[in-house]
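Structure, as structure tokens:
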Amino acid sequence: MTVEDRLRATSEAIADTMRPVRPLTLPPEPSRQLARRSRSRRWRATLVPLTAALAVLAVAATLVAGKYLNTARPSSPVVPPSGVAASAATVPRYYVELSVTANSSGQRPAIVGDSRTGEELAQVAPPAHLVFAGVTGAADNRTFVIDATSTLPSNQGTHAWYLLRVAQGTGHTTRLSRLPVAALPGTYQVQGLALSADGRTLAVMYQPATTGSDAQGPFTLRTYSLGTGKTLRTWTTPDTSKGGVTISPNPDNLTDMTWASDGRTLAFVFPPGTWPDYERTLDIASKGSDLLADSRQVLAIPGDRHNCVSLLLAWDGRTMVCGTMGNATGGCVQEEPEFDLYSTATGRLTRVLYRYRGNCSAGIAGLLWAGSGGTAIGLIAAYHNTGNGVVTDFTVGLLTPGKFTPLRVHIPVGYGFTTGTFAF
Amino acid sequence: MERLTEDLTLQAAGDTAKQVTALYEEYATGLVRLAMLMLADQQGAEDVVQDAFLGLYRRWGTLADPGKALAYVRSSVINGCRTVLRKRSRRVPLTFREPDAESAEALALLGEEHREVLAALRRLPARQREAVVLRYCLGLPEDDVAQAMKISRGTVKSASSRGLASLARILRGES
């Protein structure tokens, strides 16, 4: 029997042993929304005969509403509390987690939690016909930007940008409002999302999504002013689509894009989604618009053993924290998941921040946030093979050199170790 | 006129669902088989195919040629499988994935000789595996394989012939 014959026989055998395929489940008809829009247009048409003065007033009112209600402009720059950027031991209190499962209302909310108490403070529902796709936070730990993508067929996947604020005070009131940053068409896949420490600048890296389920072609990095919504700078890579480079869809920030606290250094893993990892930094104040030529490679992970599940630039811009996977045959005892600290100046491993020495069949060290001086918030996923299946234990903790202090942060089942779904 | 527009809009949305569902009923089994050859997991294969059809439903209005819907979905399934495989390799240790019980049972029913072929396929580089599955397991013409994988016909030829040679070597070594 030739290899071709064996392949055909296996294909047929699979067809014979498959259970019946489940029926297709489509979302509810989108047409009602479209119909509502038509009715709204008809209602507006009846206003046309009204006086010019009324029309002017209506336009003015719309503009005012647009300015002060529908869009959010931080009234003042978000200044990190003094010492936040420098203090090694500060634990950010609030976190925003994009839920991976739907609640009883069928929505996947953003959950605002308190890392000190483990309390869930608020559930923020996405606006109608939107799903949350990525989140990033500023240094004040109360300002977050969320990428929300449209579910409407007419503008499927279009990215709109929202500001989520946790108000001062004990009420932990949250407010979600639309930012004036221009929407990004659904034909693009966001691969990087990072809000600067002062909360003034949003960096977004994206790629064309050619079929809606993949992304390939040149990367674009843009920085936007949160106050005005204007594009500040743009960088691009050469078109890689002809080279066969294909990046699969993932939640935002597969590149682990991070800002240093200086407000001008951006770091990102490039290319994303492949091993080994290469970290680059970009000085956004320097000239040029070529993402690769004008940025600098600061780290090339030496081998499989040290590949990073997540890799974040520390706020000081001088170090990078990497969470590794322990995946040897002998389990965690033979190869422990660990958090490593690298120097951006030399690209060398400066120290192992923490090595998990618990008993597990395999483990992953992921990162949720990086501060300065080797301070970070990490996540250890320990897999235990019980014989009846695999049980996973998630532990979130504050990393300081040599120590891992558990925090009360809830990690949802199905968490995918992507920094864009979790922000401090 | 407004009323008519509304009715047409509603009708168009209903028609899209019907057309996509009809395509699903006709081609889902074959596409799930394709995904199973890649993933060796029916649950995962069905998820990938459902996602591909959901994508088709959402983008139906933007398709330049609805006659190419099958090619679009096939390409989406390939991409979906790539994603699943990449996530498996990157995010979860290979030896600690939880296979769904029914998939495990289905694999057991397949028989040793076919399990060997699936295992050998998994050892091929991604591009060779895709080309071999599309070309030889599903019997697609080279042009269709090229379209599904978004590569040139020449690359399909070289990837599938290299894949076949590697597969023969792997299978010879195992038997």
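Computed quantities for the displayed model
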| quantity | calculated |
| --- | --- |
| Of all residues in the range A:368-383 being outside any loop (DSSP other than H, G, I, E, B) and more than 14 Å from chain B (Cβ to nearest Cβ), the one that is surrounded by the most Cβ atoms within 10 Å (Cβ to Cβ) | A:A370 |
| Matching residues in the range B:1-24 - criterion: being loosely packed, with under 15 Cβ neighbours inside 10 Å and either at pLDDT 85 or above or touching a His at 6+ places or on another chain (Cβ under 7 Å) (or both) | B:A22 |
| Near pairs, Cβ below 9 angstrom, 6+ apart or cross-chain, from the range B:56-76 (within 7 Å of another protein chain (Cβ to nearest Cβ)) to any residue that is of a type in the set (K, R) and surrounded by 13 or more Cβ atoms within 10 Å (Cβ to Cβ) | B:Y72/B:R59; B:S75/B:K150 |
| Hits in the range B:34-51 - residues which are surrounded by 22 or more Cβ atoms within 10 Å (Cβ to Cβ), at the interface with chain A (Cβ under 7 Å from one of its Cβ atoms) and within 11 Å of the chain's Cα centre (by Cα) | B:M36, B:L37 |
| Tally, over the range A:157-186, of residues that are surrounded by fewer than 18 Cβ atoms within 10 Å (Cβ to Cβ) and outside any strand (DSSP E or B) | 10 |
| Scope the range A:389-401; condition touching a Lys or Arg at 6+ places or on another chain (Cβ under 9 Å) and within 17 Å of A:C322 (Cα to Cα); matching residues | A:V396, A:G397, A:P401 |
| A:I111 being under 11 Å from A:Y95 (Cα atoms) and among the β-branched types (V, I, T) | yes |
| Of all residues in the range A:94-110 being touching a strand residue (DSSP E or B) at 6+ places or on another chain (Cβ under 8 Å) and more than 21 Å from A:D256 (Cα to Cα), the one that is modelled with the highest pLDDT | A:P109 |
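Residues are listed down the side, and each one gets a yes or a no for (1) closer than 25 Å to A:G317 by Cα; (2) touching a residue at least 24 places away in the same chain (Cβ under 8 Å):
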position	(1), (2)
A:E338	yes, yes
A:R351	yes, yes
A:Y356	no, yes
A:T395	no, no
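The values are calculated or read from the model by the stated rules, or taken from the named source; none is laboratory data. Keep in mind that what you see is a predicted model, and the values were worked out from it rather than measured. Cβ coordinates were reconstructed from backbone atoms using ideal geometry, including for glycine residues, and neighbour counts include every protein chain displayed.
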